There are 2 protein chains.
Amino acid sequence: MQIASAIQWIIPIAGIAAVLFAMYLARDVLSRDPGTQAMQDVAGTIYEGAVAFIRRQYLTIALLALVVAVVVAVVISLVEGPAVADTDVSGVALGLRTGIAFLVGAACSMASGIIGMFISVKANVRTAAAARSSLVTAVQVAMRGGAVSGFLVVALSLLGVWSMFVLFGGLDKPSQAPFLIVGYGFGASFVALFAQLGGGIYTKAADVGSDLVGKVEKGIPEDDPRNAAVIADLVGDNVGDCAGRGADLFESTAAENIGAMILGVAVYGIAVAAGWPNPESWIFFPLVVRGFGLLATIVSIFFVRGREDEDPMNMLNRGYWVTTALSAVGLLIVTNVMMQTGTTSGANGIPAWLWFFGCGLVGLATSVAFVYITQYYTAGAHRPVRDIAEASKTGPATNIIAGTAVGFETTGLTALSIGAALLLSHFLGQQAHLLDANGNDVGGIFGTAVATMGMLMTTAYILAMDTFGPITDNAGGIAEFAKAEGGAREITDRLDAVGNTTKALTKGYAIASASLAAFLLFNAYIDKVNLILGRQIAAGATNVHLMTAVNVDEVPVFAAGLIGAMLTFFFSSLAIRAVGKAAGAIIVEVRRQFREMPGIMEYTQRPDYARVVDITTRAALREMIAPGVVAIATPIIVGVTLGYEAAAGLLIVGTISGVMLATVLNNGGGAWDNAKKYIESGQLKDDAGNVLGKKTDAHAAAVVGDTVGDPFKDTAGPSLHVLVKLLATLTLVLAPLFIR
Amino acid sequence: MQIASAIQWIIPIAGIAAVLFAMYLARDVLSRDPGTQAMQDVAGTIYEGAVAFIRRQYLTIALLALVVAVVVAVVISLVEGPAVADTDVSGVALGLRTGIAFLVGAACSMASGIIGMFISVKANVRTAAAARSSLVTAVQVAMRGGAVSGFLVVALSLLGVWSMFVLFGGLDKPSQAPFLIVGYGFGASFVALFAQLGGGIYTKAADVGSDLVGKVEKGIPEDDPRNAAVIADLVGDNVGDCAGRGADLFESTAAENIGAMILGVAVYGIAVAAGWPNPESWIFFPLVVRGFGLLATIVSIFFVRGREDEDPMNMLNRGYWVTTALSAVGLLIVTNVMMQTGTTSGANGIPAWLWFFGCGLVGLATSVAFVYITQYYTAGAHRPVRDIAEASKTGPATNIIAGTAVGFETTGLTALSIGAALLLSHFLGQQAHLLDANGNDVGGIFGTAVATMGMLMTTAYILAMDTFGPITDNAGGIAEFAKAEGGAREITDRLDAVGNTTKALTKGYAIASASLAAFLLFNAYIDKVNLILGRQIAAGATNVHLMTAVNVDEVPVFAAGLIGAMLTFFFSSLAIRAVGKAAGAIIVEVRRQFREMPGIMEYTQRPDYARVVDITTRAALREMIAPGVVAIATPIIVGVTLGYEAAAGLLIVGTISGVMLATVLNNGGGAWDNAKKYIESGQLKDDAGNVLGKKTDAHAAAVVGDTVGDPFKDTAGPSLHVLVKLLATLTLVLAPLFIR
C-alpha cells in the first residue's frame, strides 16, 4: 500500500528525467562535427527559414489561442455558472481554470514543438557530416536528434497534465480534478490543428512548387542549388514532419491521459465504496504508465547501434523492440502495484490487475501490428507497392487508379485491428468484474483505456523514429547541395529510405492512437454531459433524463453523423486545395527568378532563397485559416443547434470517417512514394526483362502518383488525425453549451 | 371515406398503365427509321454483344439468387420457427414466403433490366438515324427509348410489391404483411448488386482498355472501327449505365415502398385505436403516391419537345418540371384523401394531412436540389470544373489533386441537403401530432418516409433521362463508325454532352434516394428486431429488453461501425481493381489483334470484335464475384458474432460512409470528365490568351483525370449506392439470425 502511493512519484521523476535526458541528447548532438563551411552555410539557411516560419506561425497560433482561451473562459463561466451551485467550484472559477488549462496546454505543445524543431535543424547537418565516414554514427546522430523531440513531447505532455491536476486540487479531490483539466487537451488540440495544417501546407507547397518548376520545367535534379525553392523545400521537411507530427502526438498523449483519468474516476468511486486500498491509484494509473514508458524509452536509445554494413532499419527496430519489452515489464509492475482490489477477484479467480495487464498487452500488440501493417502496404518489397509500379507501365492514369485502390484497401486491416483491440480489451476488462453502484460494468470500458495507455507507452520512441525522417531527408539535401565528399550522399539516401518508412509507420501509429483516444473521450464526454444533467435533475429540473446512448437512429443524431463524416472530406478538400494555392504562389516566384536572373542556370547568380521562404511562409499561414475555422465551427454549430446527443453523433461518426480517410490518404500516399522509389531502384522490368528505371515513361507515371500522394499523406492525412482529436476535446470542453 | 378506399385502385391501374405506355413507347421507337445498312450492321453487332453479356450475366445472377433464396428460406424457417408461436404465420411459412418474395423481387428486377436494355440497344441506331435530319426527333427517340426503362422499373417494382402484399394477406391483415415482403427488397438488392458490379466492370474495362491501346498507343480516334474493343465499349454503355442504374433504382423504389409501409404500420395502429376512417390508408399511402408519380411522368413525356436550335437540355428540363409540378398536385390529392384523422388536428389547428403534404414537398424539393447541385459540380460552366481544367495546365498530377479536392468538396452540399431534408420533414411530421399508445411521437419518422416518397415520385422520369445517356452515347458511336451522312455526328455530340449531365444527375438523385431509403429501413429493422424481442418477452424470456437505441458509444457497436465504414472503402477498392484486371485482359487481346492482323490498320482486315466482347464478358463476370461476396458476407459475420445492435451500427455508419464516398467518386469522376470536355471545346486559354485545346499537354493531363474518374464514377460509385441498400435489406431479412 505504501508502494501504491509512492509509485505515483514516478510521474514527475520520469517526466523530469526525460527532459534532462533530452537536454543531454541535445548537447550530444550539438557537440558533433557540423561539417564543412559549405554544409554549414546551407544548414544555416535552412535554420533561418525554419525559425522564421515557426516564429510567425506560432505567433499567429498564440494570438488565436489567447482569443479562444478568453472566449472559452467566458462561455464556460456563463453557461456552467448557474448549474454548478452544488459543487465547490463556481462557474467563474471553472471558466477561469478551463481557460488557464487551455493556455498551459497550448504553451506546452508549442514549447515542445519549437525546441524539438530547433534541435532537428541542428542535427541535419551533423548527420550529413557523420555520413561522410560512418553509417552507424549518422544513424545515431539522426536518431538522437529525433529523440529530443520524442522525449520533450511526451514528457511535457505528462508534466503538464500532472501539474494542472495537482494545481486544481487533484491530490485532495481526485475525482473532480480530471474534468477541470480538459481545457489542457483542448489547448493542445488547438495548437496541433494549426501547427499541422500550417506545417503540412508549407512542406507540400514547397515540395510541389520546387519539383514542378525545377524537375519538370527546367530538368534540373532534386535539391539542386539553382532552384530558388530548394531551401523552402528543406525547411518544409522540418516544419511539417517534425513540428507538425510532434504537436499531433503531444495532443494524443495529453488527450489520452485526460480521457483515461476521467474513466478512472468511475473505478475510483467503486474502489472507495468497496474500501479498496489507495483508490486514487485508478485515476493516477495512466500517468504512471506513461512515466514507465518514458523510462523504457530512455534505456532503449542506447540500443540503437549496429554494424556498418547492417540495414539501418534493423538498428531502429532493435531499439523499438527493447522499448516494447521494457514497457511490458513496466506495465506488469504498474498494474500489479496500483490495481489492488482487496480480496475481490475477477473471472476464474484471476485478480483484476492481471486482466488489466492483459488489456495493456493488447495495446502494445496493437502498436506492433500497426508498425507491420503500414510496412506491408507502403514498403516496396510487398504486393501493394509492386502493383502500383506495374500499373505505371500503362501510364499515369493506371498508376493513380492502382494507388487509389491500394489506399482504399488499407482500411481493411486498420479497421479490423482497431476493432479487435477495442473488443478484446473490453472483453478482458469485463473479466475484472468491476461493477458500479447500479450493477453496471465499468471494467470493460476501463480496459479499453488501459489498452490505449499500453499502446502509447512507446510514443516517445516512435516519435524519435519519425523525426529521424526529416533529419535524414535534410541531411541528404545538404550533402547534395554542398557536394559533401566521401559516400555521404549514398549513406544519406539509405537513411532517407528508412526515414520514409518510419514516417509512414508513425502515421499509422498516430491514426490508431487517435481513434483509441477519441473513443476514450466519447465516454468522457458522456460522463461529463451526465454530470451536468445530473446536477440539473438534482436541482429539481423536470423532463431531463441522463444520456444513456448516442442513438444514431434518431434523426438529429443521424443528420449530425452525416455532417461529421462530411466534415472529414470537406476539411481534407480545403487542406488539399490550400497546398495547390500555396504552391501556385511559389511556382510564379521561382519562374520569375529563372526568367529575370538568367545567371542562375549558369551558377553565376545565386537565387533569392529567402524570398521563396517568405512567400511560402505567408501563403501557408494564410491558407491554414479556412480549414481550421471549418474544423472548429462545425461541431459548435451542430452542438448548439441540434443538442448534445447530436454533437456526440457528429463526434463518433466523424471519428470513424476521419480515421478511415486518413488511412486512405496516408497509406495511399506512402505507397505511391515507394512505387516511384521501387522503379528508381531498378526493380521494375518490362515483359522482355529490361529494367524500366529513371527517365522511362513508367517512371514519369510514378512521379505523377508520388506528386498526387504528397498533399494526401503530408497535409490532409495528418491533419485529419488532429481533427479527430480536436472534435473530441472541443465537444468535451464545450459540452455545457450544447445542453439546453 | 369511399374515396380513401377507392384511391388504392390507383396502384394497379397506374402500374398497368405505365407498362402499357412503355409498350407503346417501345413500339413507337421500333417503328422509327433504323438508318442505313452500315448503321444497322454496327447496331446489330452491339445488340448481339449486349444480349450475349446480359444472358450470361443474368443466368449467373439467377443461379446465385436461387441458391440464396433457398438458404434464406431455410435459415428463416429454422431461426424464426420457435419464436413465432403466437402469430398466425409459422416459421416455415415465413421462411417460404421470404424465399418466394426474394425470387419475385429478383425476377422483376431482372425483367425490367432486360427489357429496358433491349429497347435501349434498338433506340441507339434510330436516334443516330434521326440525328441525320432533326435534333428534336433525335431527342424524342432517345428519351422515349429511355422512358421504356424508366416506366418498367418503377411500374414492375410497384406492381411486384403490391401483388406480394395482396398475396400474403395484406388486405385482411394490413399490419402484418409488410414484414412478410421484405424478402422482395432483398431479392431486388441482390440482383442490383451483381447487375451494377458486372455492368460497371464491363463498361469501364472496355472503355479503359479500348482507349489505352487505341487512342494512346495507336493514336486512332475514339470509336474508330479499327479498334477491336470498340464494340465492347459501346456494349458497355448499355450494360453499365442502362441495365445497372435501372437495377439500382428498381431496388431504391422497392426498398422505399416496403420501408415506408412498415413505418405506416405504426400509424395504422394509432389510427385503429383512435377510430380514424380507413386506417389501412396509412400503409397503402406509399404505393398510391408512387402510382400518381407514374401518371405524372406519362403526361410529362409529351412535353419533351422544342425548337431545332434549342439546347436539348432545356427540352428534358421542361419534362422534368412538368413531372415535378404534377407530382406536387398528386401529392396534395393523396395526402388529403388518405390521411384523414377524424376530428384530431395537428399543431396550430392545421390538419395532419397538410403537415405531411409539407413533408412530401420537402422530398420533391430535395430531388430538385440534387439535380442542381450535381450540375454545379460537374458541368463546365461553373468554378469546380474550371478549376480542374486550369490545374491541367501544370500536368496530370495537379489535375488529379484538383479533381480529388472537388470530389471531396461535393460532400458538403450533399450532406447538408440530406440532413436538412431529414430534419425538416421530421419536424413537419412531428407537427401532425401522431402519438402511439406510450405517448411517443410517430409522426416525425413517418414524415421522413413521406418526404422520401415525394422525392421518388419523379424516379421514372429521372431514369428515362439517365438511359437517354447511353442511347445517345451509342448513337454517336454508330454515327462515327458507320460514317453517317448529314450533321448526324454533330447532333449526337450535343446529345452526348447532355447525356453526360443527365447520367451525373441520376447518380446524385440515386445517392440521395439511397440514403433516405436506408434511413427508412434502419427504422424498419429496429421495428422488426423489437417484434422478435417482444415475442421472446411475451414468451417469458427474462433478461431480454426491447431495442431502444443504436448506441455507437458501446464497444461492439462502435467496432461494427468502424467495419461498416471500412467496408465501403474496401468494397470500392475491389471494384476499382476489378476494372483494372478486366481491362488488362482486353489490352492484351487488342494488342494481339493489331500485331497478328496487320491489315487492320489499313482497313483491309476486320478486327475480331466478338472475341473482345467475349473476353470482356468473362472477365466482368469473374471479377464481380469478390466484391459481391465481401458485401454480403461482412454484415452477416458482424451480425452473427456481435449481435443485432452491432449489425445496426454497421448498417448506419456504413450507410453514411457509403453515401459520402459515392458522392466523392461520382462527382469527382463527372467533374474530371467535363474538365476534359471543357478543354476540348476550346474554353481553356493560357496566360497570353491562346486556346489550349486538343493535342496540348493540358488536354493530355485532362485525359488522365478522365480515365481515373471512369472506374470511380461508373463502377465503384454506383455500386456503393447498391451496397448501401443491400446492407439495409439484408439486415432486415436476416435480423432473426442476429438475435441470441
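Values quoted throughout were computed directly from the atomic coordinates according to the rules given, and no laboratory measurement underlies them. Note that the coordinates shown come from a computational prediction; the quantities given were computed from them, not determined experimentally. Please note: Cβ atoms are built from the backbone with ideal geometry, for glycine as well, and neighbour counts cover all protein chains shown.
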Inset, instruction - Go from 0 up to the bin containing the longest alpha carbon distance in segment B:84-232, width 5 Å each, and give me the % of pairs per bin. - result: 2, 9, 12, 13, 13, 13, 11, 8, 6, 5, 4, 3, 2, 1, 0
Inset, instruction - Compute the separation of the alpha-carbon centres of segment A:64-79 and segment B:18-41 and state it in Å as a whole number. - result: 70 Å
Inset, instruction - Report the extension gain between A:ALA274 and A:ARG595 in nm, rounded to one decimal, defined as 0.36 nm multiplied by the number of residues separating them, less their alpha carbon distance. - result: 107.6 nm
Legend entry - Label point distance in nm, A:GLN40-A:ARG606, each placed 7 Å from Cα along Cα→Cβ: 1.5 nm
Legend entry - Distance between modelled label sites at B:ARG622 and B:ALA420, nm, 7 Å Cα→Cβ extension: 4.9 nm
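Provide a whole-number value for the mean count of partner chain Cβ atoms within 10 Å of the Cβ atoms in peptide B:208-218. Present the calculation step by step, with values, prior to reporting the outcome.
On the way: counts 4, 0, 0, 1, 4, 1, 0, 0, 3, 2, 0.
Counting Cβ atoms of other protein chains within 10 Å of each residue's Cβ and averaging gives 1.
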Legend entry - Amide proton proximity set for A:LYS685, modelled H, under 5 Å, gap of 5+: A:LEU692
Inset, instruction - Please go through segment B:599-708 and write out the trypsin sites (Lys or Arg not before Pro) that DSSP classes as loop and that have at most 16 other C-beta atoms within 10 Å. - result: B:LYS694, B:LYS695
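Using the 10 angstrom Cβ neighbour count as an exposure proxy, how do A:SER657, B:SER134 rank, fewest first? Mind showing how you got there, number by number?
Working: A:SER657 30, B:SER134 14.
By the 10 Å Cβ count, ascending: B:SER134, A:SER657.
Using r as the Cβ-Cβ distance of B:SER90 and B:ASN543, and R0 as 22 Å, what FRET efficiency do you calculate, to the nearest 0.05?
Values: r = 26 Å, r/R0 = 1.20.
So the FRET efficiency works out to roughly 0.25.
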Inset, instruction - In nm to one decimal, list the spacings between the B:ARG305 label point and its equivalents in the other copies, with label points set 7 Å along Cα to Cβ, shortest first. - result: 9.3
Legend entry - Reduced Cα scattering model of segment B:403-560, Debye log10 I(q)/I(0), q = 0.10, 0.21 Å⁻¹: -0.61, -1.32
Inset, instruction - Would you mind pulling out the separation of the Cα centroids of segment A:465-535 and segment A:386-430, in Å? - result: 19 Å
Legend entry - log₁₀ of I(q)/I(0) at q = 0.09, 0.15, 0.17 Å⁻¹ - segment A:1-129, Debye sum with one point per alpha carbon: -0.49, -0.90, -0.98
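Applying 1/(1 + (r/R0)^6) with R0 = 56 Å to the Cβ-Cβ distance of A:SER134 and B:VAL629, what FRET efficiency is obtained, to the nearest 0.05?
Working: r = 54 Å, r/R0 = 0.96.
That pair, A:SER134 with B:VAL629, gives E of 0.55.
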Legend entry - Pseudo-label separations to other copies for B:ARG383 - Cα-to-Cβ vector, 7 Å, nm: 4.3
Inset, instruction - Compute the label-point distances linking A:ILE637 to its equivalents in the other copies; points lie 7 Å from Cα along Cα→Cβ; give nm, one decimal, shortest first. - result: 3.9
Inset, instruction - Please work out the Kirkwood hydrodynamic radius for segment A:330-435, using every pair of different C-alpha atoms, and report it in angstroms with one decimal place. - result: 16.5 Å
Inset, instruction - Positive end of the charge dipole of the protein assembly as shown (Lys, Arg +1 and Asp, Glu -1 on Cβ, about the Cα centre): tell me which of B:ALA479, A:VAL161, B:ILE637 has its Cα farthest that way. - result: B:ALA479
Inset, instruction - May I ask for the equivalent-ellipsoid semi-axes of segment A:505-625, computed as the square root of five times each C-alpha gyration tensor eigenvalue and listed largest first in whole Å? - result: 53, 15, 14
Inset, instruction - Counting residues in segment B:577-662 as N, plug N into 2.2 N^0.38 Å and put the Cα Rg over that result. - result: 1.77
Inset, instruction - Above 13 angstrom, tally the Cα pairs of segment B:369-410 and express them as a % of all pairs, no decimals. - result: 49 percent
Legend entry - Nearest-0.05 FRET efficiency for B:LEU59 and B:ASN336, computed from C-beta distance (R0 35 Å): 0.15
Inset, instruction - Could you give the spread of the C-alpha atoms of segment A:116-194 along their three principal axes, from largest to smallest, in whole angstroms? - result: 58, 27, 13
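Which helices, counted as full DSSP H runs in chain A, have an axial Cα extent of no less than 27 Å and a Kyte-Doolittle average of 1.6 or above? Before the final figure, lay out the partial values.
Numbers: long enough: A:10-30 (29 Å, 1.91); A:37-80 (60 Å, 1.42); A:91-131 (58 Å, 1.30); A:135-167 (47 Å, 1.80); A:182-210 (41 Å, 0.81); A:245-274 (43 Å, 1.00); A:281-301 (30 Å, 1.79); A:312-338 (39 Å, 0.86); A:352-378 (39 Å, 1.17); A:411-430 (28 Å, 1.23); A:459-481 (33 Å, 0.51); A:488-538 (71 Å, 0.39); A:555-596 (61 Å, 1.02); A:644-680 (53 Å, 0.46).
The qualifying helices are A:10-30, A:135-167, A:281-301.
Listing A:THR458, A:THR60 from the residue with the fewest other Cβ atoms within 10 Å to the one with the most, what is the order?
On the way: A:THR458 27, A:THR60 16.
Least crowded to most crowded, the residues run A:THR60, A:THR458.
From the C-alpha gyration tensor of chain B, pull out the three semi-axes of the equivalent ellipsoid (sqrt of 5λ each), sorted largest to smallest, in whole Å. Could the numbers behind the result be given before it?
Working: eigenvalues 376, 146, 117 Å².
The answer is 43, 27, 24 Å, longest axis first.
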Legend entry - Inter-label distance for B:ARG307 and A:ALA111, nm, one decimal - labels placed 7 Å from Cα along Cα-to-Cβ: 7.6 nm
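Quick one: compute a quarter of the convex hull surface over the Cα atoms of segment A:250-355 and quote it in nm².
Working: hull surface 33.6 nm².
Over all viewing directions, segment A:250-355 projects a mean Cα-hull area of 8.4 nm².
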Inset, instruction - May I have the pair-distance distribution P(r) for segment B:190-312, computed from all Cα-Cα distances with 5 Å bins from 0 and rounded to whole percent? - result: 2, 10, 11, 10, 10, 11, 12, 10, 8, 6, 4, 3, 2, 1, 1, 0
Legend entry - C-alpha center-to-center spacing [segment B:554-596, segment B:95-116] in angstrom: 27 Å
Inset, instruction - Compute the Kirkwood hydrodynamic radius of segment B:540-596, taking the inverse of the mean of 1/r over all pairs of distinct Cα atoms, and give it in Å to one decimal. - result: 15.7 Å
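Return the inverse of the average 1/r over all pairs of distinct C-alpha atoms in the protein assembly as shown, which is the Kirkwood hydrodynamic radius, in Å to one decimal. All intermediate terms of the calculation are to be shown ahead of the outcome.
On the way: mean 1/r = 0.0303 Å⁻¹.
Evaluated on the protein assembly as shown, it is 33.0 Å.
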Inset, instruction - Mind checking A:606-614 for the average number of partner chain beta-carbons within 10 Å of each residue's beta-carbon? - result: 0
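Neighbouring Cβ atoms within 10 Å as the yardstick, rank B:TYR376, A:TYR603, A:TYR202 fewest first.
Placing the least packed residue first, the sequence is A:TYR603, B:TYR376, A:TYR202.
What are the semi-axes of the equivalent ellipsoid of segment A:586-720, taken as the square roots of 5 times the eigenvalues of the Cα gyration tensor, listed largest first and rounded to whole Å? Let's see the in-between values first.
Numbers: eigenvalues 312, 156, 13 Å².
Those come to 39, 28, 8 Å.
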Legend entry - Gain upon complete extension [B:THR344, B:ARG740; 0.36 nm per residue less C-alpha separation]: 138.4 nm
Legend entry - Ellipticity estimate at 222 nm from DSSP helix runs (n ≥ 4, -39,500 (n - 2.57)) divided over the protein assembly as shown, nearest 500: -27000 deg cm²/dmol
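Normalised radius of gyration for segment A:463-512, please: alpha carbon Rg relative to 2.2 N^0.38 Å, two decimal places. Mind dumping the intermediate values first?
On the way: Rg = 12.1 Å, N = 50, 2.2 N^0.38 = 9.7 Å.
Dividing the Cα Rg of segment A:463-512 by 2.2 N^0.38 Å gives 1.25.
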